[in-house]
Amino acid sequence: MGISIQVVQKNGWDQVNYVGPIDAEAEVHLSQLYPKLGGQIVFNFKNVSSVNSCGVRSWINFMRDLQKTQRTVVFEECTGEIVMQINMIPSFKGTANIRSVYGSFVCDKCGHEEDVLFEAGKNLPATPDQGLTPVRCPQCKAEMQLEEMEEEYFAFLAA
């Protein structure tokens, strides 16, 4: 699957929908994207399929270029892949604010799996150790568990 990047203007913000992998090919797409972006940018990562080391390097260089021009950057709908990169490599996030992330939950009782969106100002914890509001299984109503350790998954909140 290739990369597709769509930019839509909304309320003075450039809404960037990134679809596909962040890999070696990303560098070409990001260099073409850079001159099209204004001062306020929201990156939506809902449809990022994977991230590899070549893509991380390209993304970090792209974020550094954005930071040099004092742009306001927001990340939303970050998948587990993106959250993992943010937690392992702080420069992946740069100075971006995190608006929302997905957490993968599993029900120990019936095996149901579901991604839950955590949004700032709603159900996204303020700190990694704050604890989450219980998530109930839509099938059996048992309490579901985050697949990762909460403190580790939300470590980026401490930065």
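Residues that are under 15 Å from residue 59 (Cα atoms) and either of a type outside the set (Gly, Ala, Ser) or within 9 Å of the chain's Cα centre (by Cα) (or both) within the range 82-109 comprise 82, 83, 84, 85, 86, 87, 88, 89, 90, 92, 93, 95, listed in sequence order.
Within the range 6-27, restricting attention to residues that are β-branched (Val, Ile, Thr) and either under 11 Å from residue 41 (Cβ atoms) or not assigned by TED's automatic domain parsing to the domain that holds residue 39 (or both), the residue that is nearest to the chain's Cα centre (by Cα) is 16. Looking for something modelled with pLDDT under 95 and within 26 Å of residue 147 (Cβ to Cβ) - is there at least one such residue anywhere in the range 95-116? Looking through the range 95-116, none of the residues is modelled with pLDDT under 95 and within 26 Å of residue 147 (Cβ to Cβ).
Taken together, the residues in the range 66-79 that are over 18 Å from residue 15 (Cβ atoms) and either of a type in the set (S, T, N, Q) or at pLDDT 95 or above (or both) amount to 3.
Does the range 92-114 include one or more residues that are in a helix (DSSP H, G or I) and surrounded by 15 or more Cβ atoms within 10 Å (Cβ to Cβ)? Checked against the condition, which is being in a helix (DSSP H, G or I) and surrounded by 15 or more Cβ atoms within 10 Å (Cβ to Cβ), the range 92-114 yields at least one hit. Taking the range 38-65 as the range and being buried (at least 18 other Cβ atoms within 10 Å of the Cβ) and more than 12 Å from the chain's Cα centre (by Cα) as the test, the residues that pass are 41, 55, 56, 58, 59, 62, 63. Of all the numbered requirements in (1) surrounded by fewer than 19 Cβ atoms within 10 Å (Cβ to Cβ); (2) within 14 Å of the chain's Cα centre (by Cα), residue 68 misses one, and that requirement is (2). Considering (1) over 24 Å from residue 10 (Cβ atoms); (2) touching a helix residue (DSSP H, G or I) at 6+ places or on another chain (Cβ under 9 Å), the lone condition that residue 110 does not fulfil carries the number (2). Taking the criterion of being under 16 Å from residue 65 (Cβ atoms) and small (Gly, Ala, Ser), the residues of the range 1-54 that qualify are 26, 31, 38, 39. Against the criterion of being hydroxyl-bearing (Ser, Thr, Tyr), in contact with a helix residue (DSSP H, G or I) (Cβ under 6 Å, 6 or more places away or on another chain) and in the same structural domain as residue 5 (by TED's automatic domain parsing), residue 91 qualifies. Only residues that are without any contact (Cβ under 8 Å) to a residue 60 or more places away in the chain, part of a helix (DSSP H, G or I) and out of contact with any Leu (no Cβ under 6 Å at 6 or more places or on another chain): list them for the range 59-84, please. Residues satisfying the conditions are 59, 60, 61, 63, 64, 65, 66, 67, 68, 81, 82, 84. Inspection of the range 33-40 finds no residue satisfying the criterion of being part of a strand (DSSP E or B), closer than 16 Å to residue 97 by Cα, in contact with an Asp or Glu (Cβ under 9 Å, 6 or more places away or on another chain) and in contact (Cβ under 8 Å) with a residue 40 or more places away in the chain.
Considering only residues that are closer than 18 Å to residue 49 by Cα and in a helix (DSSP H, G or I), which ones fall in the range 19-32? Residues satisfying the conditions are 26, 27, 28, 29, 30.
The values are calculated or read from the model by the stated rules, or taken from the named source; none is laboratory data. Not measured: the values here are computed from a predicted model. We place every Cβ from the backbone using ideal geometry, glycine too, and count neighbours over all the protein chains shown.
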